[in-house]
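To keep things clear, I will list the structure first and then write my remarks on it.
The values are calculated or read from the model by the stated rules, or taken from the named source; none is laboratory data. Everything quoted here is computed from the prediction, not taken from an experiment. Neighbour counts are summed over all protein chains in view; Cβ atoms, including those assigned to glycine, are modelled from backbone coordinates with ideal geometry. Side chains included, ligands, DNA and RNA excluded: accessible areas come from the protein's heavy atoms. Shrake-Rupley method; radii C 1.70, N 1.55, O 1.52, S 1.80 Å.
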Amino acid sequence: MSTPLTDAILAMDEQTALQLVKERLDAGEAPEAVLDDAKSAMTILGDKFACEEVFIPELIMGGEIMKGIADELKPRIKGEATGATRGTVVLGTVAGDIHDIGKDVVVMMLEVSGYDVTDLGIDVPVEKFVSAIDELRPQVVGLSGLLTLAFDSMKATIDGIAAAGKRDQVKVMIGGSPVDEQVCIYTGADGWGRDAAAALSLAAEWTGGAA
C-alpha cells in the first residue's frame, strides 16, 4: 500500500521523508505505524534491486534515509518500552566480504523494533561469531554477504558454530542479494532473506513476536 512516506523513500527524497515522519509522530501517531511504512518501502526497494530496477547507489541512499528515520523513531519507541527486549541478535558480514549496506539496514530495523543487537562488523572470522554466541547468548545469529564467495564463509561459520557445540542454541539466518533457498540449504542456515524486512520477519518468528 502506497503512502506519502513510502513514496518519498522510494523517490530517494530524504528531506520529505524525514519531515513526514516528524509530522506523523508530532500528530500522535504510533511510531510502530510509521515504522511499518518505512519497512514496506525497504521491501519494495529490495524487490526492485532483485529485479535490477534499482542498483547499489539506491540501496545506499535508502539505507541512509532509514537511518535518519530510525533516529526519529528510537527515542519514541524506547520511551514506550517496558525495559524488556524482544530478543538478542548478533550480526556480521562473513570473512572475505566487506560489504555492509544491507547489514547496516538490518541492524537499524531490528534495533528500532526492540531487539538488542550486536553488530560484529565486516570480514568477521568464525571464531568471533562463536565468541559472541558464548558471551551474549543470542537467540538469532545473522550472516551477511554480497559476494558469492561469501557462501563458503557462511557454511564455514555455521559449521564452526556446530563444532563449538553451540548450533542448537541459536537460529541462523543468512542474507544478501545473491542468497536464495539453495544457498540456505548449502550453508545449513535455518532461514534466509534478501532484505531487512525478511530478516525482521525471521527474527520475530524465532523469538515469538510479531514483525
Per principal axis, descending, Cα span of the chain in whole Å
52, 42, 24
Cross-link pairs beyond the 19 Å C-alpha cut-off, checked among LYS22/LYS67; LYS74/LYS128; LYS67/LYS128; LYS103/LYS171:
LYS74/LYS128; LYS67/LYS128
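Relative contact order for the chain using alpha-carbon pairs under 8 Å, separation at least 6, rounded to a whole percent?
Details: 341 pairs, mean separation 38.0, N = 211.
That works out to 18 percent.
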Top mean-square fluctuation among LEU73, LEU136, LEU59, Gaussian network model of the chain, C-alpha springs under 10 Å?
LEU136
Over the chain, what percent of the accessible surface lies on carbon and sulfur atoms, probe 1.4 Å?
52 percent
Cα axis of helix 126-136 to longest principal axis of the chain: angle in degrees, 0 to 90, nearest 10?
70 degrees
Counted charge near VAL105, where neighbours are those whose Cβ lies closer than 12 Å (Asp, Glu -1; Lys, Arg +1)
-2
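What percent do you get for the relative contact order of segment 19-141 when only Cα pairs under 8 Å and 6+ apart count? List each step's numbers first, then the result.
Numbers: 129 pairs, mean separation 30.2, N = 123.
Once divided by the residue count of segment 19-141, the mean separation gives 25 percent.
Find the accessible area per residue for the chain; the probe is 1.4 Å, ligands and nucleic acids are left out, and the unit is Å².
Numbers: 9800 Å² over 211 residues.
Accessible surface, normalised per residue, equals 46 Å².
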